[in-house]
Amino acid sequence: MNGHDHSISAIIACYKDAQAIPIMAQRLQATFEKIGVDYEIIFVNDGSPDDAREVLRELASRDPRVVVINHARAFGSQSAFTSGMRIATGDAVVLLDGDLQDPPEIIPEFVTRWREGYDVVYGVRVRRQMSAAWGALYKGFYRLFKAVSYVSVPLDAGDFALIDRRVVNALNALPESNRFVRGLRAWVGFAQTGVPYHRPERMFGRSTNSLLRNFGWARKAILSFSYVPLDVISIFAFVMVVVSAIAIVAQILVRLLAPSVVPMGFTTLIVLMLFLGAIQLLSLSIIGSYLMHIYDEVKRRPPFIVESVWNPPPPRSADSPE
């Protein structure tokens, strides 16, 4: 950042958020006017099955600063944020979920830290309004991800963040289609800091996340930013080789010294075969997950397809050198 924040682009990923969209627009407009910056509000309609398209059409017709990107189908929030970042023209962007769980009123604190020289200012969820079980699962995942990831990922930080233009350019230049934005945000580096906030419950409707969906998110994150599962396979293999060698020596010694106590029958053999088979299946599933991830990438499909754009902003002029 060069010290002069001329404009900010808010990027909102929308899926089943039709009721929340007008409120989000009003709160963002009030927030940006309070800060005193130029702004644009980019809503990404990620194939929402409700009437979000009609609500967004009305908003765009009334305010030229409201940009609407309609995806051809639902590609996921990470693709929605990527789509918005590629069209945004602001000197910084702010990523928000469309369900109002990311409060726009926190943005002034983001901007303050941005003006201090930070390139990425992310929200840290110090409290979430949800069941204790779900809260424990989320906290557990963030700590597991930080422990196994080869990049330093901040704890309890989601996608809600302000990102400087040069970081946006770096993210847009990354080639992968399986995108985990908060991980990529940490991977590119630059000066980063967090702002604590309380994450409220979804204002309308029910969350689209489920246990299975969250498991898929966790798997994508770990496959994208960790080699620990492959290391675990190596450790299993090494341990089994050592245990097998010890068992063979012990079996020979027992046969020589006390033949009558050597285990007889198939029970021991079956248990050992089941144990080894389970380890082999686990290892194959881990390797298969990485191969699936690689296969998705080498197909080089785009992370999203845009069906239409309303109020498209003019292309941003080339960024001046730092």
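Things to note:
- Criterion violated by I42 - all others in (1) modelled with pLDDT under 95; (2) within 23 Å of E307 (Cα to Cα) satisfied: (1)
- Selected residue (only one of E58, E54 is in a helix (DSSP H, G or I), among the charged types (D, E, K, R), closer than 24 Å to D38 by Cα and out of contact with any strand residue (DSSP E or B) (no Cβ under 7 Å at 6 or more places or on another chain)): E58
- In region 100-124, the qualifying residues are those that are open to solvent by 20 Å² or more (accessible area, probe 1.4 Å) and in contact with an Asp or Glu (Cβ under 9 Å, 6 or more places away or on another chain), and the one that is nearest to I42 (Cα to Cα) is Q101.
- Residue list for region 224-247, filter: more than 21 Å from A186 (Cβ to Cβ) and either outside any helix (DSSP H, G or I) or open to solvent by 80 Å² or more (accessible area, probe 1.4 Å) (or both): I235, F238, V241, I246
- Counting only strands (runs of 3 or more DSSP E) that sit wholly inside region 71-190, those with at least 1 residues that are free of Cβ contacts under 8 Å to residues at least 40 places away in the same chain are 157-164.
The values are calculated or read from the model by the stated rules, or taken from the named source; none is laboratory data. Remember, predicted model here, so these are calculated numbers, not experimental data. Note: ideal-geometry Cβ built from the backbone for every residue, glycine included; neighbour counts use all protein chains shown. For accessibility, only protein heavy atoms count, side chains too; no ligands or nucleic acids. Shrake-Rupley method; radii C 1.70, N 1.55, O 1.52, S 1.80 Å.
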